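Participant: Sending over a structure as structure tokens; questions will come in a sec.
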Amino acid sequence: MTVRVTLPTVDDTHAFGRRLAGVLRAGDLLLLTGPLGAGKTALTQGLGAGLGVRGDVTSPTFVIARVHRPDPARGGTVALVHADAYRLGDATDPRAEIDDLDLDASVDDSVTVVEWGEGLVEQLADAHLRVRIDRRDDDTRVVELEPVGGDWSRRLTALG
Ligand SMILES: Nc1ncnc2c1ncn2[C@@H]1O[C@H](COP(=O)(O)OP(=O)(O)OP(=O)(O)O)[C@@H](O)[C@H]1O
Ligand SMILES: [Mg+2]
């Protein structure tokens with residue numbers, strides 16, 4: 001099954017991220033795909049809000065990954081690891097670079113979200129959720145969630 005949702009504005013994308021966060025738990029891996037400016041970081045901002053983590057989720061320019069610790073005051077219990085593998089695509093051995101990332105947070109204990117990670121980071125977990133965002137001519141976004149292994153299908157049903 002694939003879930004497809006239309007997101008007219010960036011606020012809708014943030015809200016959808018908050019809703020999706022409701023079915024996430026430690027150990028989850030999300031692979032965000034879609035062209036430049038599609039809204040991958042915007043969706044991750046919604047995830048961060050929904051997970052109740054500290055710090056602003058931004059597009060990392062000089063860092064490849066950032067760890068956002070849970071904020072108990074905002075109901076947070078699990079860290080969000082936000083990675084952007086865009087620049088790793090040019091590396092001779094991107095997989096080695098990913099392995100070398102000292103994330104200071106393990107995938108098992110965090111929700112890990114990777115932009116541009118397709119073909120690079122699938123091995124970080126047994127299963128993952130593929131999230132594809134596309135931009136239509138009228139500037140609205142369409143997000144497609146595709147479960148890859150694990151119990152993602154069941155959880156997407158719960159998402160409604
Ligand atoms: N419906 C929408 N959903 C998400 N972003 C939108 C939407 N409508 C307009 N935008 C704008 O599009 C931009 C999306 O930028 P964002 O950094 O999230 O994209 P990205 O996919 O992470 O890009 P990159 O590949 O460069 O990392 C933002 O400026 C946002 O305000
Ligand atoms: Mg981005």
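The values are calculated or read from the model by the stated rules, or taken from the named source; none is laboratory data. Quick caveat, the model's predicted, so the values are computed rather than measured. Here the Cβ is made from the backbone with ideal geometry for all residues, glycine too, and neighbour counts use every protein chain on show. Ligands, DNA and RNA are excluded from the accessible area calculation, which covers all protein heavy atoms including side chains. Shrake-Rupley method; radii C 1.70, N 1.55, O 1.52, S 1.80 Å.
Participant: Take residue 42 and decide whether it is within 14 Å of ligand 2 (Cβ to nearest atom), more than 14 Å from residue 128 (Cα to Cα) and touching a residue at least 12 places away in the same chain (Cβ under 8 Å).
Facilitator: yes
Participant: Any chance region 71-92 includes a residue that's touching a Pro at 6+ places or on another chain (Cβ under 6 Å), within 16 Å of ligand 2 (Cβ to nearest atom) and under 16 Å from residue 115 (Cα atoms)?
Facilitator: yes
Participant: Hey, residue 39 hits all of (1) under 14 Å from the mean Cα position of the chain (by Cα); (2) open to solvent by 30 Å² or more (accessible area, probe 1.4 Å) but one; which does it fall short on?
Facilitator: If we test residue 39 against (1) under 14 Å from the mean Cα position of the chain (by Cα); (2) open to solvent by 30 Å² or more (accessible area, probe 1.4 Å), just (2) comes out false.
Participant: Taking the options 22, 48, 17, name whichever one is open to solvent by 20 Å² or more (accessible area, probe 1.4 Å) and touching a residue at least 12 places away in the same chain (Cβ under 8 Å).
Facilitator: Only one candidate passes the filter, namely 22.
Participant: In region 119-145, which residues are buried (at least 17 other Cβ atoms within 10 Å of the Cβ) and of a type outside the set (Lys, Arg)?
Facilitator: Result: 120, 121, 122, 124, 125, 128, 129, 131, 133, 143, 145.
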